[in-house]
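*Asks:* Would you mind keeping the following structure in view while I ask a few things?
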Amino acid sequence: MRSIMLAVSLLALAAVPALADDGAIAVVGGAVQMLDEHADVRMVSAVITADVYANESHVRCEYLLKNEGKGQMVTLGFPDMPGWEQGSVVSNFHLSQFRSWVDGKRLSVKLHTVSREKGSGFDRWYVRRIWFGPGQTRRVVNTYIQPNGMISGGMRWFPYTIW
């Protein structure tokens with residue numbers, strides 16, 4: 001029975017929306033605005049691992065970001081939107097214990113909570129500023145705990161979608 005539930009949960013996982021990749025942002029008047037793209041810094045790779053437990057998942061995201069322009073300070077934001085899926089009995093939960101490192105050094109992270117932009121559901125962003133030298137590739141690692149969703153039939157799911 002557990003094998004069947006695991007298989008069903010993994011299938012359900014593929015269809016659950018949550019947006020979680022690091023992205024370039026602008027902070028304007030306390031509100032966070034997602035940039036469509038960054039002119040010089042691009043994501044080269046992303047490796048996402050999650051230890052999935054009954055009620056929560058412990059997540060590690062590792063990104064390689066490359067600056068293809070001049071040296072510059074870049075503001076990165078990691079979105080945290082309340083998890084909700086139709087039929088879910090857990091309707092509003094956020095990430096906890098969010099931490100971030102660049103090239104092995106712990107970063108200072110600021111939580112912005114006043115963001116509603118272009119109809120997005122993002123009400124919280126974990127924001128960091130990172131210096132990129134000309135042509136520099138940086139390794140950014142984020143870790144956090146994500147509460148799992150649960151629908152009324154008892155099935156639980158872990159949301160993560162690359163966007």
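The values are calculated or read from the model by the stated rules, or taken from the named source; none is laboratory data. Just so we're clear, the structure is a prediction, and the values are computed from it rather than from any experiment. Please note: Cβ atoms are built from the backbone with ideal geometry, for glycine as well, and neighbour counts cover all protein chains shown. For accessibility, only protein heavy atoms count, side chains too; no ligands or nucleic acids. Shrake-Rupley method; radii C 1.70, N 1.55, O 1.52, S 1.80 Å.
*Asks:* For Tyr63, are the conditions met, namely being surrounded by 19 or more Cβ atoms within 10 Å (Cβ to Cβ) and hydroxyl-bearing (Ser, Thr, Tyr)? Walk me through it before giving the result.
*Replies:* Values: surrounded by 19 or more Cβ atoms within 10 Å (Cβ to Cβ): yes; hydroxyl-bearing (Ser, Thr, Tyr): yes.
For Tyr63, the condition - surrounded by 19 or more Cβ atoms within 10 Å (Cβ to Cβ) and hydroxyl-bearing (Ser, Thr, Tyr) - is met.
*Asks:* Which pairs turn up if I take residues in the stretch 133-160 that are closer than 19 Å to Met73 by Cβ and look for partners that are in a loop (DSSP other than H, G, I, E, B) and not acidic (Asp, Glu) with beta carbon separation below 6 Å, at least 6 apart in sequence or on another chain?
*Replies:* That search, which allows pairs on different chains as well, returns Gly133/Gly71; Pro134/Lys70; Pro134/Gly71.
*Asks:* Could you tell me which numbered condition Ala26 fails, if it satisfies all but one of (1) open to solvent by less than 50 Å² (accessible area, probe 1.4 Å); (2) outside any loop (DSSP other than H, G, I, E, B); (3) modelled with pLDDT of 80 or more?
*Replies:* Here Ala26 clears every test but (3).
*Asks:* Just name the residue that is modelled with the highest pLDDT out of those in the stretch 67-84 that are touching a Lys or Arg at 6+ places or on another chain (Cβ under 6 Å) and surrounded by fewer than 19 Cβ atoms within 10 Å (Cβ to Cβ).
*Replies:* That would be Met73.
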